[in-house]
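A.B. asks: Supplied in structure tokens, the structure appears directly below.
The values are calculated or read from the model by the stated rules, or taken from the named source; none is laboratory data. None of these values were measured; they are calculated from a predicted model. When we count neighbours, we look across all protein chains shown, and the Cβ atoms used for this are built from the backbone with ideal geometry, even at glycine. Areas reflect the complete protein model, heavy atoms only, side chains present, ligands, DNA and RNA absent. Shrake-Rupley method; radii C 1.70, N 1.55, O 1.52, S 1.80 Å.
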Amino acid sequence: MFNHLSAALTLLPRRLLFSSPGALTRVRRLLGTMEPAVVRCIPGEPKLTISFCLDGSHRHMLRDQDEAVGKALARISNNSSKGQGKAKKSKKNRGQQPCETPEPSVVVKLYFGGDEVADTVLNSEAWRDGAVLQVGDVKFSVQVNAPTFTTAELPVSLLAGFPVCPSLKVEFGNLQDCEFRWFKESAPKSSPEAAGEDPGQDDSWTEVGRERVYVPSNQDIGCRLKLRCMPKDGSRSGPAKELVSVVAVEAGPGVCTFDNRHAYTVKEAEWPVVRVVSYNILADVYAQTELSKNVLYPYCAPYALQLDYRQNLIKKELAGYNADIICLQEVDKGVFTDSLTPALDAFGLDGVFRIKEKQHEGLSTFYRRSRFQLLSSHDIVLHEALTSDPIHSELLQRVSADSALKDKILQRSTILQVSVLEDLNKPGRKVCVANTHLYWHPKGGNIRLVQMGVALQHLSRVISEVAPGAPLVFCGDFNSSPDSGVFQLVTEASVPQQHADWSSSGPEESCSMELLSSFPPLLSACSQPAYTNYVGGFHGCLDYIFIQPDSMQVEQVIPLPSHQEVTTYKALPSVAHPSDHIALICDLRWNP
């Protein structure tokens, strides 16, 4: 009988079997299998939770671990009886006669190994894997600390041709082991009222994918998406989550500025080549100001400045580069946590974030976990290091000669993010990855020089103390053109006291000195493009990836978008480009 029933069920459309938790419950009962009762019980915590689904209703209880299990079972019985009472009232409201005799309490028992668990046993000991919870005539298989999604969300904006990366966090499980099934509406809702219906009651869903990330096609435009994900840890699984998109898939912008660049990065770089990206992605806190909308980027369509829209483009752009190391600037804290981390995690990268003090944005560095592991971080706030670290005492003394300049330097929130990574393909080989975003003001050349002097000195010490011999890869938005003092300091290892940048903010804030780098001359891996920042009133080269030429050599530089691509919508950002900066990408090879 069971075999015939199983065979019959396999003939049913999958969308019917899995359209709702209630449908899944009915299938389990037909097959004679038990639904799970999931118990979260962590030693040392005062509470445990018990979760299960009864008659289509989710039950979630919080109990003391040192409470007798009989009390917990009595509460389950009481709640189940109340549920039955509500069901009877519902029948009465539909014109049916309720039963006159009061319903007896629902019998609730807990069994382990075929024996009933005594009511006096503590919750912490009573709830064990393999136990059976019986509620009336329904039996549940107890799963203790089963893999469980603690966060499961879909993006609020979906574009055809752009990856949909769910935000997922799993407890007691491994995201790499989890199972995913994507569905789209077979028939889009024709009215707002219909679109608001419970998707669990709608069987018009068609399976379209089984990967963690789904890329909608043009055929999905106008349809909502649904994701059914099963948390797992190896072969062990937990309760599935079902997510339905709030909005339907919309048409994408067509060709983007990075599409042609992706042709050079279809595959990951092969060891010992490492692909590096540096990119100022334009923080939302700056993109949404009235200054940005009306003065800086008046040519950009307002919807293209919205964070949800830009994040679709950024995630597709970064994913398509198949990079091993990604250094980002102007990263909103929420963007790192809720958007970039889940998206790039799905593509095999882990990341670290450092926020600027008194700011809502900062720096993030991502690295491919199959290639590298993070050994240590050595981030600093540049003005704090200048005043508190003895290695900068000579520089501080010189800067202090001009109190106005010193005050301006100390007001800056500029940070330096430093990550020491180890090459997993060659244990013991390390690389020091630095990431920064220097002071922005056009007349702040002298401030940037001091900031860079502090950064280089700090990096030299980190390498000598933590990773002797490790090459430096220094990425960032340096807000410095190729004729600047900062560029000369990095690429020539010194800046003379006569350099114009020492007086960039006027003679009253001049601080002329010879500044020496802590490194031999570094190389700009992507050379000196005509521009890496292109807005209506300015364009110039501000971003760089600096390397030590005696440790690494440039294997390939990914061409920047053509001028025609950049100016298709006048300037950046645009509907086809998410930032006012352009990403730098290069492949680097370790020297033998």
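A.B. asks: Using the Karplus equation 6.51 cos²θ - 1.76 cosθ + 1.60 (θ = phi - 60°), what ³J(HN,Hα) coupling, rounded to whole Hz, does each residue of the range 565-574 give in order, writing x for Gly and Pro?
C.D. replies: Those phi angles translate into 5, 5, 9, 3, 10, 5, 7, 10, x, 8 Hz.
A.B. asks: Ok, one more. Determine the distance separating the Cα centre of the range 492-506 from the Cα centre of the range 316-389; give it in Å without decimals.
C.D. replies: 31 Å
A.B. asks: What does the accessible area of Glu179 come to, in Å² to the nearest 10, when a probe of 1.4 Å is used?
C.D. replies: 100 Å²
A.B. asks: I'd like the Karplus ³J(HN,Hα) series for the range 327-332: coefficients 6.51, -1.76, 1.60, θ = phi - 60°, whole numbers in Hz, and an x wherever there's a Gly or Pro.
C.D. replies: 10, 10, 10, 6, 9, 5
A.B. asks: Moving on. Please give the net charge around Leu227, taking every other residue with its beta carbon less than 12 angstrom from that of Leu227, where Lys and Arg add +1 and Asp and Glu add -1.
C.D. replies: +3
A.B. asks: Which value in deg cm²/dmol, rounded to the nearest 500, describes the helix-derived mean residue ellipticity at 222 nm for the chain, given -39,500 (n - 2.57) per DSSP H run of n ≥ 4 and division by the residue count?
C.D. replies: Value at 222 nm, helices only, nearest 500: -7000 deg cm²/dmol.
A.B. asks: Can you work out the accessible area per residue across the range 277-433, with the rest of the protein chains kept in place, probe 1.4 Å, in square angstrom?
C.D. replies: Result: 38 Å² of accessible area for each residue.
A.B. asks: Still on this structure, please answer the following. Could you tell me the distance between the Cα centroids of the range 138-168 and the range 527-580, to the nearest Å?
C.D. replies: Result: 37 Å between the Cα centres.
A.B. asks: Would you be so kind as to identify all helices of the chain, as entire DSSP H runs, whose Cα atoms reach 20 Å or more along the helix's own axis and whose mean Kyte-Doolittle hydropathy is at least -1.0?
C.D. replies: TM-like helix candidates: 307-321, 445-466.
A.B. asks: Right, something else. For the range 40-85 and the range 407-433, write down the distance between their C-alpha centroids in whole Å.
C.D. replies: 48 Å
A.B. asks: Continuing with this model, one more query. Can you give the relative contact order of the chain as a percent, counting alpha carbon pairs under 8 Å and 6+ residues apart?
C.D. replies: Relative contact order comes out at 11 percent.
A.B. asks: Another question, then. Extending each Cα 7 Å along its Cβ direction at Met61 and Asp350, get the distance between those two points in nm, one decimal.
C.D. replies: Simple spin-label model gives 3.9 nm for this pair.
A.B. asks: I need two numbers for the range 383-442: Rg to one decimal and Dmax as a whole number, Cα atoms only, in Å.
C.D. replies: For the range 383-442, the Cα-based Rg and Dmax read 16.2, 50 Å.
A.B. asks: Taking the highest mean first, how do the peptides 69-76, 493-500 order by number of other beta carbon atoms within 10 angstrom per residue?
C.D. replies: 69-76, 493-500
A.B. asks: Excluding Pro298 itself, calculate the net charge of residues whose Cβ lies under 12 Å from the Cβ of Pro298, where each Lys or Arg counts +1 and each Asp or Glu counts -1.
C.D. replies: Computed value for this residue: +1.
A.B. asks: Principal axes first, then extents: for the Cα atoms of the range 281-411, list largest minus smallest coordinate on each axis, whole Å, largest first.
C.D. replies: 48, 44, 20
A.B. asks: Need the full-extension length gain, Ser481 to Thr567, defined as separation in residues times 0.36 nm minus the C-alpha distance. One decimal, nm.
C.D. replies: So the extension gain works out to 28.9 nm.
A.B. asks: Take the solvent-accessible surface of the protein heavy atoms, probe 1.4 Å, and return the percent of it on the range 203-318 that carbon and sulfur atoms account for.
C.D. replies: Percent of accessible area from carbon and sulfur atoms in the range 203-318: 54.
A.B. asks: Looking at (1) 47, 32, 25; (2) 56, 28, 22; (3) 56, 35, 22, which value of semi-axes √(5λ) of the Cα gyration tensor in Å comes from a calculation on the structure shown?
C.D. replies: Of the labelled values, this structure produces (2).
A.B. asks: Moving on to the next point. Rolling a 1.4 angstrom probe over the protein heavy atoms, how many square angstrom per residue are accessible across the range 465-547?
C.D. replies: Here the per-residue accessible area is 38 Å².
A.B. asks: Probe radius 1.4 Å, ligands and nucleic acids left out: which of His563, His360 has the largest accessible area, and how do the rest follow?
C.D. replies: His360, His563
A.B. asks: Using packing as a proxy for protection, rank 544-551, 391-398, 437-444 so that the peptide with the highest average count of other Cβ atoms within 10 Å comes first.
C.D. replies: Result, highest mean first: 544-551, 437-444, 391-398.
A.B. asks: Something else about it: Hey, how much of the P(r) for the range 532-592 falls beyond 17 Å, as a percent of Cα pairs?
C.D. replies: More than 17 Å apart: 48 percent of the Cα pairs in the range 532-592.
A.B. asks: Given the protein chains as shown and a 1.4 Å probe, how many square angstrom of Arg412 are accessible, to the nearest 10?
C.D. replies: The value for Arg412 is about 50 Å².
A.B. asks: Still on this model: What does the accessible area of Lys139 come to, in Å² to the nearest 10, when a probe of 1.4 Å is used?
C.D. replies: 110 Å²
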